[in-house]
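Structure, as structure tokens:
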Amino acid sequence: MTRVVPIDPQHPDLGRIREVAEVLRDGGLVAFPTETVYGLGAHALNPTAVARIFQAKGRPSTDPMIVHLASVDQLDVVAQVVPTAARELAAAFWPGALTLILEKRSIVPDAVTAGLQTVGVRVPSHPIAHALLAAADVPVAAPSANRFSHPSPTCAEHVLADLDGAVDVVIDGGATPIGVESTILDLTVTPPLVRRPGGVSLEHIRHVVPGARSVSETVGRARAQPAPGQLLRHYAPRATLTLYVGDVRQVVERMGSDIRTAAASGLRAGVLAPEEDLLALAPRLAALGASGRVITVRCGSRRDREETARDLFRALRALDAEAVDAIFASAPEGEGINAAILDRLTRAAEGRVVRT
Ligand code: TXA
Ligand code: MG
């Protein structure tokens, strides 16, 4: 049975936090909010507890997990070598949405790192995550709290839709403020490599580590693989997703005609786009006589991409729930949070990307 424990993120009830922390210490599974997405946590130094995560998620054991700490002081518990860059990055971005890949200590079970000699570590800033980790006083392994290949959960309802009955406790702390996962920076390679863009931008990381690169910038792609597990179709809606990148007018032009083609062939179409794109698209869909058969979901606005990031996984789940056959989505280009949004939608599109 899964117990749902509501906790106010503004004023976390420490009595409840302590109770849930006890479940973690005893080897139980606890889903909890972080500033990025909800995590599915287990005692990271207890292999039996960690094995339950794979089972609950239906996750392949080749995909390593991030270890979450209450504070940077615990870094030496899990990391064998802590380079100066790691200390500087921790000082600049922790607590926060940055995961550092470091050489692991042998105390970290192979199940956590999928047999790798490295470990991903982060100190989350969300008040509930922080209070829980501090009360548990153990490192907590936590992938995103979704069934494998489903979009990451940004609220407790998403977690329950995927994992009800499979986990011991779900903390309901409301919607997560960032909405996309942490940035993964590998410090075990030279130059340091962003293996997954996320809540902390490469541009900000470069203020501390000027040589840092992203996987997409590196030419030696064979040596510069993205993070394990990132190769898979990771943020997968059930429908086929086509992604459009470019300025509003051209995106809307191409999307409009592709939606017409889909609707004419009897497909149920879903549109996931920022407010401006939907506004420009509306008269076209009406003129095509397609508006009734097309489901649109607003995903932030071109003016506020932080909002797009917050809405992204909710929007993908909403279209899944509508059982559409084809999704037409538009994504931003550029730096900062835009890189994370583009990365997630590109994966969901599995290569179907139209650049206008
Ligand atoms: O924001 C986040 O990072 C969320 C919250 C819960 O912290 N967690 C998250 O975990 O997104 P997950 O498991 O869904 O994605 C973590 C990814 C893995 O798929 C893997 O690719 C990468 O992190 N990773 C973990 N440990 C690694 C390691 N030692 N080397 C390379 N990549 C690693
Ligand atoms: Mg995940």
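For the stretch 8-44, a tally of residues being within 16 Å of ligand 2 (Cβ to nearest atom) and in a loop (DSSP other than H, G, I, E, B) returns 5. Number of residues in the stretch 21-60 that are of a type in the set (A, V, I, L, M), within 14 Å of Val167 (Cβ to Cβ) and either away from ligand 1 (no atom under 16 Å from the Cβ) or at pLDDT below 95 (or both): the value is 1. For the stretch 160-180, residues that are within 11 Å of ligand 1 (Cβ to nearest atom) and open to solvent by less than 30 Å² (accessible area, probe 1.4 Å) total 3. Scan the stretch 54-71 and give yes if some residue there is among the β-branched types (Val, Ile, Thr), in contact with a strand residue (DSSP E or B) (Cβ under 9 Å, 6 or more places away or on another chain) and more than 15 Å from ligand 2 (Cβ to nearest atom), otherwise no. No. Counting only strands (runs of 3 or more DSSP E) that fall entirely inside the stretch 49-162 and contain at least 1 residues that are touching a residue at least 60 places away in the same chain (Cβ under 8 Å) and of a type in the set (Gly, Ala, Ser), the qualifying elements are 118-122. Among all positions in the stretch 205-224, there is at least one residue which is more than 24 Å from Arg105 (Cβ to Cβ), in a loop (DSSP other than H, G, I, E, B), touching a Pro at 6+ places or on another chain (Cβ under 9 Å) and at pLDDT below 95. When you scan the stretch 340-355, do you find a residue that is farther than 28 Å from Arg147 by Cβ and among the hydroxyl-bearing types (Ser, Thr, Tyr), even just one? No; the residues of the stretch 340-355 include none that is farther than 28 Å from Arg147 by Cβ and among the hydroxyl-bearing types (Ser, Thr, Tyr). Among the residues of the stretch 97-109, is any within 10 Å of ligand 1 (Cβ to nearest atom), more than 22 Å from the chain's Cα centre (by Cα) and surrounded by fewer than 18 Cβ atoms within 10 Å (Cβ to Cβ)? Scanning the stretch 97-109 turns up at least one residue that is within 10 Å of ligand 1 (Cβ to nearest atom), more than 22 Å from the chain's Cα centre (by Cα) and surrounded by fewer than 18 Cβ atoms within 10 Å (Cβ to Cβ). Scanning the stretch 326-338 for residues that are part of a helix (DSSP H, G or I) and under 21 Å from Gln250 (Cβ atoms) yields one hit, Asn338.
Criterion applied to Val271, Val252 was being outside any helix (DSSP H, G or I), among the hydrophobic types (A, V, I, L, M, F, W, C) and buried (at least 17 other Cβ atoms within 10 Å of the Cβ), and the one residue passing it is Val271. Please determine, by comparing only the residues of the stretch 144-156 that are open to solvent by less than 10 Å² (accessible area, probe 1.4 Å), modelled with pLDDT of 95 or more and not polar (S, T, N, Q), which one is farthest from Phe32 (Cα to Cα). Looking at residues that are open to solvent by less than 10 Å² (accessible area, probe 1.4 Å), modelled with pLDDT of 95 or more and not polar (S, T, N, Q), I get Pro153.
The values are calculated or read from the model by the stated rules, or taken from the named source; none is laboratory data. The shown structure was predicted, so the numbers you read here are calculated from the model rather than taken from an experiment. Methodologically, a virtual Cβ is constructed for each residue, glycine included, from the backbone with ideal geometry; neighbour enumeration extends over all protein chains shown. The area values use the complete protein model at the heavy-atom level, side chains included, leaving out ligands, DNA and RNA. Shrake-Rupley method; radii C 1.70, N 1.55, O 1.52, S 1.80 Å.
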